[in-house]
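The block underneath contains the structure these notes are about, expressed in structure tokens.
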Amino acid sequence: MSQDEARIHDTDIPDTADGTVTYDGPAGGWGSLQGISQIFGREWSSPAAIETLMRQNKPKGFMCVSCSWAKPADHHTFEFCENGAKATLWELTSARCTPEFFAEHSVTELRGWADYDLEMQGRLTEPMRYDATTDHYVPCSWDEAFQSIGEHLRSLDPKSVIFYASGRASLETSYLYALFARLYGNNNLPDSSNMCHETTSVALKKLLGVGVGTVVFDDLAKCDAMFFFGQNTGSNSPRFLHPLQEAAKRGVEIITFNPVREKGLESFVNPQNPAEMLTGRETRISSQYHQVKAGGDVAVLIGLCKHVFARDDEARREGRRVLDVDFIEAHTHGLDEFEAKVRAISWDEIERESGLSREAIESAGDVYVKAERVIGVYGMGLTQHAHGFLNVAMFVNLLLLRGNIGRDGTGISPVRGHSNVQGQRTVGISEKPELVPLDKMAEQFGFDPPRDKGMNTVEACHGFLEGKVRAFISLGGNFVRAIPERDAMEAAWTRMQLTVQIATKLNRSHLINGKAAYLLPCLGRTEQDIQATGPQAVTMEDTFSCIQGSIGLRKPASEQLKSELAIVAGIAKATLPDNPKLKWDDWVGDYGLVRDLIAESYPEMFHDFNDRMFTPGGFYKGNAARERIWKTESGKAEFTTPDRLNSIGFDDAPGRYRLMTLRSNDQFNTTIYGMSDRLRGIEGRRDVLLINPDEMARAGLSEGQEVWLEGDAGDGVHREAGPLRVTPFRLPDGCLGAYYPEMNSLMPVWHHDGPSKTPAAKSVPVRIRT
Ligand SMILES: Nc1nc2c(c(=O)[nH]1)N[C@H]1C(S)=C(S)[C@@H](COP(=O)(O)OP(=O)(O)OC[C@H]3O[C@@H](n4cnc5c(=O)[nH]c(N)nc54)[C@H](O)[C@@H]3O)O[C@H]1N2
Ligand SMILES: Nc1nc2c(c(=O)[nH]1)N[C@H]1C(S)=C(S)[C@@H](COP(=O)(O)OP(=O)(O)OC[C@H]3O[C@@H](n4cnc5c(=O)[nH]c(N)nc54)[C@H](O)[C@@H]3O)O[C@H]1N2
Ligand SMILES: [Mo]
């Protein structure tokens, strides 16, 4: 089939194109350059900015602060995308948020400001202390901040303190941060991945024996088909569009399941290819696009597996097999029970739960059966559900049926979020002590590490509500905006003794303070980091488990900034008793020494770390499942028998909708760059409620009408968000879309995946109030 004949399945969704908001152009193209210049004006194309962008994601350059997509050895002249450029330029802003600004505005006043306006104040320039008597942040010296934080921490029960990290900090900083928490006395090391791909870390670990994806970059050029569930490439990992485009041109079938028709998964014009830009020639990306119901993926995957069994039955009659029986026999466990269950589920049930027709699922299934090499790609559309584990497990089931794990050109590929979120877990930021080489570290640093499980994000949230958490240290992030149950959380927050925020820019979490509060400004990754032994480099791990060095060369935003590593070491030194094995000052002076420590703790992955850190494309830390070595309980890859047909975790009821909380193209998590969600055709506002026209008619709503959403979780707690403008949009029946983080007040803290506790942000039960 040629790309032009590609089918876009809009299955079972009436064609409501008239009147719905859509964007008809491809992803990429001129729009992506306009998107950048609309936000940054002329600043973005200044020689200094261009020079910085040229070094982005290249060997001896700096690694993008946005997503965790690979930084290939064979790079383009500009190895950046629209949203990577936005993230970099956001950090390079000339605006400064100075002590004068804080003298002018009280913290209470700033709490009334929009998130966007807070970040627009620019880079933080000096360490600040919260003065409760005047309700203002006031400047303080670094030494004063460290000593006072140290004193507070020494006076608290170590089990009542949280050390949060938000996915960006380098491997070196992350390693020391986790070490600090354990020396202090806890494993309370939640990180942003607890709200994100924790489902992956838990599910893949249990089922395949490794908590990360099995695919490497080169596999993308070797597969025949890709199955895409709930990942928005065009906005969230746009550099992935290049290999996707190449794959599509090669005739690889890309089969997408997503309630939203995301433009980047439909078609793409490479903004860095002059011929494509001039002719506007777009490449069709998905060969089939199925608008599954939010939470309906379990049913889809059951349907796909059911079809594989049906085709296998037919093949058997001809003496062939569709299942990879040798692989299943040698390498997997649990097929029989799984198969019996899937065969017993009817197509009626599958159609009802997925919102897709049997024919649509079977046509996707035929692509799966024909392809020799299949890669499964997914994002938050699978992980952020009450039964996200089952979503991931069902995807693994599908891949196992035909041996699509542990061969070149195959595998499972969670697309990770933050640029070093996977790496942070690799080097010890984890509440799960069993994932950390504690014995080795005990020996390295001469201490007795805590062995009890620490708090993850959801458990920390419960801890705030119950008053058990007394202090919160935040290495990046905008925690109170990102977590569920916002209103209750903000109220509980102020009961803490101490809050410490290490950040580049002001955000709302810095304005919800404990009794003592510090705001500590750090260097960004693009900036030069000079220490006692000279300029320092840091390292990160990308979504394909490749580790690579990053050097910042820009002049720091302020002379007073310290590196994240120096701030962590400063607090640690002021908190912990003297120990000759803890050489905080030496480590700050030479990050190479920290890499030596990492290599000592994790020799398999990090041997010769300093020598290998500038390997073009990064060095691979290895992956047992890719070698078909299964570090699971049974010693084999596990099939999982589904115990339900959807992942939503509540019952459908009249007037109850499944709300998906979405990212726009103009945001990085809680950082809002602008008001354009270009690739969805939504411009100028974020207070929209996306709903299909049939649902609008059924609910008696009109376009532009102001409505509120109310939580409908049935727990008696009142939750609401709004007002929102009704906006007709092509979505499946029963589903609504609205933007994160504005909707987080609607999410109950208990509404999360069971095994991983990842908040279920993609199916929040709500009703509409007019
Ligand atoms: N520019 C930019 N880049 C980013 C980020 C950003 O905010 N901005 N954030 C970073 C981070 S931390 C992360 S984790 C990643 C997030 O990147 P993604 O994993 O892409 O996350 P989302 O955009 O939240 O949602 C992904 C998709 O899931 C779909 N979806 C929703 N519900 C369902 C469902 O039930 N089933 C299916 N099949 N699909 C569903 C949505 O329509 C959406 O297209 O991106 C990273 N990169
Ligand atoms: N409803 C809903 N909620 C969600 C999600 C969802 O899809 N829906 N997604 C979840 C996911 S996947 C994630 S990862 C979280 C993330 O949510 P966030 O916590 O918002 O993540 P960040 O983008 O890290 O946080 C932004 C802040 O980090 C600081 N910062 C930026 N660069 C640096 C730096 O280099 N160093 C330091 N120290 N600070 C820096 C800035 O002050 C900025 O304000 O949100 C989660 N919450
Ligand atoms: Mo994330």
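The values are calculated or read from the model by the stated rules, or taken from the named source; none is laboratory data. Just so you know, these numbers come straight off a predicted model, no measurement behind them. Cβ: placed from backbone, ideal geometry, glycine included. Neighbour counts: every protein chain shown. Keep in mind that these areas ignore ligands, DNA and RNA; they rest on the heavy atoms of the full protein, side chains included. Shrake-Rupley method; radii C 1.70, N 1.55, O 1.52, S 1.80 Å.
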Problem - Residues with amide H under 5 Å from that of residue 97, placed H, sequence gap 5 or more - result: 123, 124, 125
Practice task
Calculate how steeply helix 297-317 sits against the longest principal axis of the alpha-carbon atoms of the chain, using the helix alpha-carbon long axis, and give the answer as 0 to 90 degrees to the nearest 10.
Solution key: 40
Exercise for the section: Would you kindly derive the ³J(HN,Hα) couplings of the stretch 215-223 from the backbone phi angles with the Karplus curve 6.51 cos²θ - 1.76 cosθ + 1.60 (θ = phi - 60°), listing them in order in whole Hz, with x for Gly and Pro? Expected result: 8, 10, 3, 5, 4, 4, 8, 10, 7
Problem - In degrees, nearest ten, helix 142-155 long axis to first principal axis of the chain (Cα) - result: 80
Exercise for the section: Can you give me the P(r) profile for the stretch 426-493? Cα pairs, bins 10 angstrom wide beginning at 0, each as a whole percent. Expected result: 17, 42, 27, 13, 1
Handout entry: Whole-number percent relative contact order across the chain, with pairs defined as alpha carbons under 8 Å at least 6 apart
Key = 22
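I'd like the antiparallel share, as a percent to the nearest 5, of DSSP beta bridges with both residues in the chain.
Details: 35 of 87 bridges.
Close to 40 percent.
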Fill in the blank from the handout: Counting only DSSP beta bridges with both partners in the stretch 657-769, the antiparallel fraction in percent, to the nearest 5, comes to 65
Exercise for the section: Relative to the longest principal axis of the C-alpha atoms of the chain, give the angle of the C-alpha long axis of helix 29-40, reported between 0 and 90° and rounded to the nearest 10°. Expected result: 20
Problem - Sequence-distant residues sharing a close amide H with residue 503 (under 5 Å, placed H) - result: 520, 522
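Rolling a 1.4 angstrom probe over the protein heavy atoms, how many square angstrom per residue are accessible across the chain? Could you put the intermediate results ahead of the total?
On the way: 26300 Å² over 770 residues.
Dividing the accessible area of the chain by its residue count gives 34 Å².
For the stretch 560-614, give the percent of accessible area contributed by carbon and sulfur heavy atoms, probe 1.4 Å, rounded to a whole number. Write out the running numbers ahead of the final one.
Numbers: 1160 of 2410 Å².
Summing carbon and sulfur atoms, their accessible area is 48 percent of the total for the stretch 560-614.
Excluding residue 524 itself, calculate the net charge of residues whose Cβ lies under 15 Å from the Cβ of residue 524, where each Lys or Arg counts +1 and each Asp or Glu counts -1.
On the way: positive: 55, 86, 96, 123, 168, 505, 525, 554, 555, 562; negative: 91, 119, 527, 529, 559, 564.
Around residue 524, the charge tally is +4.
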Practice task
With unit charges on the beta carbon (Lys/Arg positive, Asp/Glu negative), name the residue among 535, 391, 524 whose Cα is farthest towards the positive pole of the charge dipole of the chain.
Solution key: 535
Problem - Ratio of Rg to Rh over the chain (Cα coordinates, Kirkwood Rh, two decimals) - result: 0.95
Fill in the blank from the handout: In deg cm²/dmol, rounded to the nearest 500, the helical mean residue ellipticity at 222 nm of the chain, built from -39500 (n - 2.57) for every DSSP H run of length 4 or more, is -9500 deg cm²/dmol
Completion exercise
Inter-part gap, Cα centre of the stretch 177-227 to Cα centre of the stretch 108-137, in whole angstrom, is 34
Fill in the blank from the handout: Taking 328-338, 696-706, 385-395 and ranking on average Cβ neighbours within 10 Å, highest first, one gets 385-395, 328-338, 696-706
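Based on the alpha-carbon gyration tensor of the stretch 657-769 and its eigenvalue square roots a ≥ b ≥ c, which shape applies: rounded if a/c is under 1.5, prolate if not and a/b is larger than b/c, or oblate? Please list the in-between numbers first.
Numbers: a/c = 1.75, a/b = 1.15, b/c = 1.51.
Cα axes put the stretch 657-769 in the oblate bin.
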